[in-house]
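Asker: Structure below; questions to follow.
Just so it is clear, none of the values below were taken in a lab; they were calculated from the coordinates. All values reported here derive from a predicted model rather than from experimental measurement. Backbone-built Cβ (ideal geometry, glycine too); neighbour counts: all protein chains shown.
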Amino acid sequence: MRCPKCGHDNPPDTLFCEECDWRLDVGYRAPKKRNPMAFAVIALVVGVVSVALGFVDGAAIGGVVVGALGLVLGSYSVNLPRYLQDSNKGVCMGLAGVGMILSVFGFILGLMVYAGVF
C-alpha cells in the first residue's frame, strides 16, 4: 500500500508507513505555506496609500476605508511572523508596524478632511 504522505510502498495490510509512521488509512493534506514578508510589504503599501488618499481632495473617505483595511491587514501581518519559522521576523514585524501606524494616520487624516476639520 502506498503512503499518502511520503509515497513509500508498504506491504499489504500495514497500518502505519514504515518510512514516516503515517497512518495509511488517513488522507494527508500538506500544510499551507505563508510568506510573512509579502503580508508585511502589502501592509506598508496599504498604509502609504491611506495617507496619500487622505491628502487628495474628494478622496478622504477612501483614506478612511483603506486605513481601516490597513489596520486589519497590519495587525495580521505583525502577528504572523511570531507563529512561523522565519529568519526575518524583526524586519517583517517592523514593516507591518510602520504600515499600521501609517494606516492609523491615514484613517484619522481622512476622517478629519471628510469632516471639514482639516
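Asker: Taking the stretch 65-87 only, how many residues are over 13 Å from the mean Cα position of the chain (by Cα) and either among the aromatic types (Phe, Trp, Tyr) or under 18 Å from residue 35 (Cβ atoms) (or both)?
Answerer: Residues in the stretch 65-87 being over 13 Å from the mean Cα position of the chain (by Cα) and either among the aromatic types (Phe, Trp, Tyr) or under 18 Å from residue 35 (Cβ atoms) (or both): 3 in total.
Asker: Related question: Would you point out which residue out of 110, 106, 116, 62 is over 13 Å from the mean Cα position of the chain (by Cα) and surrounded by fewer than 16 Cβ atoms within 10 Å (Cβ to Cβ)?
Answerer: On the way: 110 fails: surrounded by fewer than 16 Cβ atoms within 10 Å (Cβ to Cβ); 106 fails: surrounded by fewer than 16 Cβ atoms within 10 Å (Cβ to Cβ); 62 fails: surrounded by fewer than 16 Cβ atoms within 10 Å (Cβ to Cβ).
Answer to the check: 116.
Asker: Consider residue 104 against the criteria (1) assigned to a helix (DSSP H, G or I); (2) of a type outside the set (D, E, K, R); (3) within 30 Å of residue 4 (Cα to Cα): it satisfies all of them except one. Which criterion is unmet?
Answerer: In the conditions (1) assigned to a helix (DSSP H, G or I); (2) of a type outside the set (D, E, K, R); (3) within 30 Å of residue 4 (Cα to Cα), residue 104 misses (3) alone.
Asker: Within the stretch 34-51, which residues are without any contact (Cβ under 8 Å) to a residue 40 or more places away in the chain and surrounded by 22 or more Cβ atoms within 10 Å (Cβ to Cβ)?
Answerer: none
Asker: Looking for whichever is part of a helix (DSSP H, G or I) and surrounded by 14 or more Cβ atoms within 10 Å (Cβ to Cβ) here; the options are 90, 54. Which one fits?
Answerer: Result of the check over 90, 54: 54.
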